[in-house]
Amino acid sequence: MKARLLAAAALASLVAAVIVLPAAARSHQAAATTVKVLAGKPSEFKFALSTKTVHRGTVTFLVTNKGKITHNFKIAGKKTPNLAPGKSAKLVVKFAKAGKYAYLCAVPGHAAAGMKGVLVAK
């Protein structure tokens, strides 16, 4: 009887470990988020983001200028260099707190022309 209880306990531990490992892997993957950003799309003074909601933690923005003039991307105090048409850059930002984060093109006059928005970190 004691041997059966020990075997059942060992089996339960093994099953729990198998169940926990995939969840831990998903948690790690969720922490590393990538957002694709198209500058100058759908029109010259607009951004198209693959998502406007992310989880707190490290977010990588892959920014590509699809417009016909120079643009950049600024969020949470960090920004890409100015990107010529067709050029791309990567921007890594850590969102430690949940909240709303304004993003914009910091080229003079572009945000005023509509090249801005809000990203939500949960």
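The values are calculated or read from the model by the stated rules, or taken from the named source; none is laboratory data. Keep in mind that this is a model prediction, so the values were computed, not measured. So basically every Cβ, Gly included, is an ideal-geometry build from the backbone, and we count neighbours across all protein chains shown.
Inspect the range 40-48 for any residue being under 13 Å from the mean Cα position of the chain (by Cα), at pLDDT 95 or above and not in a loop (DSSP other than H, G, I, E, B) and give the result as yes or no. Full working, then the answer.
First, pick out the residues of the range 40-48 that are under 13 Å from the mean Cα position of the chain (by Cα): none.
Checked the range 40-48: no residue is under 13 Å from the mean Cα position of the chain (by Cα), at pLDDT 95 or above and not in a loop (DSSP other than H, G, I, E, B).
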Residue list for the range 54-80, restricted to those being assigned to a strand (DSSP E or B), of a type outside the set (Val, Ile, Thr) and touching a helix residue (DSSP H, G or I) at 6+ places or on another chain (Cβ under 9 Å): GLY57
Looking only at the range 104-119, and only at residues there that are surrounded by fewer than 17 Cβ atoms within 10 Å (Cβ to Cβ), touching a residue at least 40 places away in the same chain (Cβ under 8 Å) and aliphatic (A, V, I, L, M), the one that is nearest to PRO42 (Cα to Cα): ALA113
Test: residue in the range 89-98 that is under 15 Å from SER43 (Cα atoms), in the same structural domain as SER43 (by TED's automatic domain parsing) and outside any strand (DSSP E or B): no
Those residues of the range 49-72 which are under 14 Å from the mean Cα position of the chain (by Cα) and closer than 19 Å to ALA111 by Cβ, in sequence order: LEU49, LYS52, PHE61, VAL63
